[in-house]
Amino acid sequence: MADKDDHAAIWSGFKEAVNMTAAELETFLESDASRSVGQKTSGGEATGHKEGRRIVAILHTKKADLSDDDYAHMTKVVGYVHRHLKQGGPEDPAQRKDSPWRLSLMNWGHDPLKD
């Protein structure tokens, strides 16, 4: 079991990486754009789309009610967002809005075009 300090650090990193609200993410996950990107297994749901649903559940959970499993998942989300951001998107800013790079990040709760 992680201690309180670990949870505080994980929570802080998660809130920094996930810059979409639960409502924004839920709306995005319902879109064709969300479903158009990501690695799919056997023609099913893409990994990122599934992760997005888990992120929404975490965002809807009271902080005091988060489990160690939730915190482990939050750590995974932070790692993915940071790695994907380092890859960078299209160099031309005009092409970023609808790029698979941005849409994939948004499935994980991070909109790179948001301030």
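So how many residues does region 6-46 have that are among the hydroxyl-bearing types (Ser, Thr, Tyr) and within 15 Å of HIS110 (Cα to Cα)? Residues that pass the stated criteria total 4.
Checking each residue in region 65-77 for being surrounded by fewer than 11 Cβ atoms within 10 Å (Cβ to Cβ) and closer than 14 Å to ASP6 by Cα picks out only ASP69. Each residue in region 53-71 was checked for being over 13 Å from VAL18 (Cα atoms) and touching a Phe, Trp or Tyr at 6+ places or on another chain (Cβ under 9 Å), and 3 of them qualify.
When LYS63, LYS50 are checked against the criterion of being more than 14 Å from the chain's Cα centre (by Cα) and modelled with pLDDT under 95, LYS63 stands alone in meeting it. Total residues in region 91-115 satisfying the condition of being out of contact with any Leu (no Cβ under 9 Å at 6 or more places or on another chain), touching a residue at least 40 places away in the same chain (Cβ under 8 Å) and in a helix (DSSP H, G or I): the figure is 3.
When the residues of region 48-64 are filtered to those that are over 19 Å from HIS84 (Cβ atoms) and of a type in the set (Lys, Arg), the one that is surrounded by the fewest Cβ atoms within 10 Å (Cβ to Cβ) is LYS62.
Considering region 78-98, the residues that are within 16 Å of the chain's Cα centre (by Cα) and of a type in the set (A, V, I, L, M) include one that is surrounded by the fewest Cβ atoms within 10 Å (Cβ to Cβ), namely LEU85. State yes or no: is GLY13 surrounded by 16 or more Cβ atoms within 10 Å (Cβ to Cβ) and closer than 19 Å to LEU103 by Cα? The answer is no for GLY13. Among residues of region 33-54 that are farther than 24 Å from LYS97 by Cβ, those with a beta-carbon under 9 Å from a residue that is acidic (Asp, Glu) at least six positions away or on a different chain give the pairs ARG54/ASP70. Among the conditions (1) touching a His at 6+ places or on another chain (Cβ under 6 Å); (2) among the hydrophobic types (A, V, I, L, M, F, W, C); (3) more than 28 Å from LYS97 (Cα to Cα), ALA8 misses just one, which is (1).
The values are calculated or read from the model by the stated rules, or taken from the named source; none is laboratory data. Just so it is clear, the model here is predicted, and its values are computed rather than measured. Heads up, the Cβs are rebuilt from the backbone with ideal geometry, glycines too, and the neighbour counts pull from every protein chain shown.
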